[in-house]
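So the structure is just underneath, and the comments pick up after that.
The values are calculated or read from the model by the stated rules, or taken from the named source; none is laboratory data. On a predicted model such as this, the values are computed, not experimentally measured, just so you know. Neighbour counts are summed over all protein chains in view; Cβ atoms, including those assigned to glycine, are modelled from backbone coordinates with ideal geometry. The protein model used for the area step is the full one, side chains on, heavy atoms only, and it has no ligands, DNA or RNA in it. Shrake-Rupley method; radii C 1.70, N 1.55, O 1.52, S 1.80 Å.
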Amino acid sequence: IKRPEKLRELGLDGRVVGLYAGKLGGIYLEQEVFDLFRAARDRWGDALRVLLLTPHPMAELEPLMAKAGLDKAIFTVMSVPHKEVPALMGLADFAVTPVKPVPTKRYCTPVKDGEYWALGLPVIITEGISDDSEIIREHGIGSVLESLDRKGYGKAVGEVAALLAGASRQELYERIRPIALRYRGFDRAERIYQAIYGT
């Protein structure tokens, strides 16, 4: 996590780094992601940087940034092979899971949450996403968006800001990573498959 040479290379050293890994649109929110990062910008000012690990080209993203009133210079947009993703995710201070909060998503768990947690990242998530929204709320390891508007974004960013101010990156890692082991560990799948298919 927070590899100094990579932070310097990407111009993220000494910054508060927000992260989103994935596509926009479809099952994910789109403009709302940038409106949320606008609330983060309002909170941290020039200290904020956003790392987007996404296949979308910059030309597709710039109108969304502009509509949110964000300077594209605060964004680092990259599309990289999956094997490189964890090292880049580890540069962040918090992450976003912007799944559209529709009823079916109560039964669909985003893989990215387990990846974020494994790297000790607080997560801002929409309401009603699998068990993940409640896990985040119950364990105080991020924030659940109560509404997709300025008030909701500001509250979520404020809760994450309090987490970041109250603990070092290493302390958050030591607090959040066990959540990944508990809820995303392979032993869970092994137990469940054994219960279903075992003799």
Open item on the list: For the list (1) more than 14 Å from the chain's Cα centre (by Cα); (2) part of a loop (DSSP other than H, G, I, E, B); (3) within 24 Å of Gly14 (Cβ to Cβ); (4) not β-branched (Val, Ile, Thr), I need the number of the one condition that Gly158 fails.
Closed with: (2)
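To keep it simple, each residue is scored yes or no on (1) closer than 17 Å to Leu164 by Cα; (2) in contact (Cβ under 8 Å) with a residue 24 or more places away in the chain; (3) in contact with a His (Cβ under 8 Å, 6 or more places away or on another chain).
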{"site": "Phe34", "(1), (2), (3)": "no, yes, no"}
{"site": "Val80", "(1), (2), (3)": "no, yes, no"}
{"site": "Asp93", "(1), (2), (3)": "yes, yes, no"}
{"site": "Thr109", "(1), (2), (3)": "no, no, no"}
- [ ] Please go through segment 107-126 and pick out each residue that is part of a loop (DSSP other than H, G, I, E, B), at pLDDT 95 or above and farther than 16 Å from Pro178 by Cβ.
- [x] Thr126
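Quick grid of which residues meet (1) open to solvent by 70 Å² or more (accessible area, probe 1.4 Å); (2) among the hydroxyl-bearing types (Ser, Thr, Tyr):
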{"position": "Glu5", "(1), (2)": "yes, no"}
{"position": "Asp13", "(1), (2)": "yes, no"}
{"position": "Glu32", "(1), (2)": "no, no"}
{"position": "Trp44", "(1), (2)": "no, no"}
{"position": "Ala47", "(1), (2)": "no, no"}
{"position": "Leu61", "(1), (2)": "no, no"}
{"position": "Thr76", "(1), (2)": "no, yes"}
Task: Complete set of residues in segment 54-70 that are not hydrophobic (A, V, I, L, M, F, W, C) and not in a loop (DSSP other than H, G, I, E, B) - done: Glu60, Glu62, Pro63, Lys67
Open item on the list: Given the criteria more than 24 Å from Arg177 (Cβ to Cβ), out of contact with any Leu (no Cβ under 7 Å at 6 or more places or on another chain) and open to solvent by 40 Å² or more (accessible area, probe 1.4 Å), does Gly69 qualify?
Closed with: yes
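Quick check, is Pro81 closer than 22 Å to Glu32 by Cα and exposed (fewer than 13 other Cβ atoms within 10 Å of the Cβ)?
Against the criterion (closer than 22 Å to Glu32 by Cα and exposed (fewer than 13 other Cβ atoms within 10 Å of the Cβ)), Pro81 does not qualify.
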- [ ] For residues that are farther than 23 Å from Val17 by Cβ and polar (S, T, N, Q), scanning just segment 142-199, find the one that is most open to solvent (accessible area, probe 1.4 Å).
- [x] Thr199
- [ ] Would you mind stating whether Thr104 is over 28 Å from Val77 (Cβ atoms), modelled with pLDDT under 95, open to solvent by 30 Å² or more (accessible area, probe 1.4 Å) and part of a loop (DSSP other than H, G, I, E, B)?
- [x] no
Open item on the list: Only one of Ala156, Ala162 is free of Cβ contacts under 8 Å to residues at least 60 places away in the same chain, farther than 17 Å from Ala118 by Cα and of a type in the set (Gly, Ala, Ser). Can you tell me which?
Closed with: Ala162
Open item on the list: Just to be sure I understand, how many residues within segment 112-133 are open to solvent by 10 Å² or more (accessible area, probe 1.4 Å) and touching a strand residue (DSSP E or B) at 6+ places or on another chain (Cβ under 8 Å)?
Closed with: 3
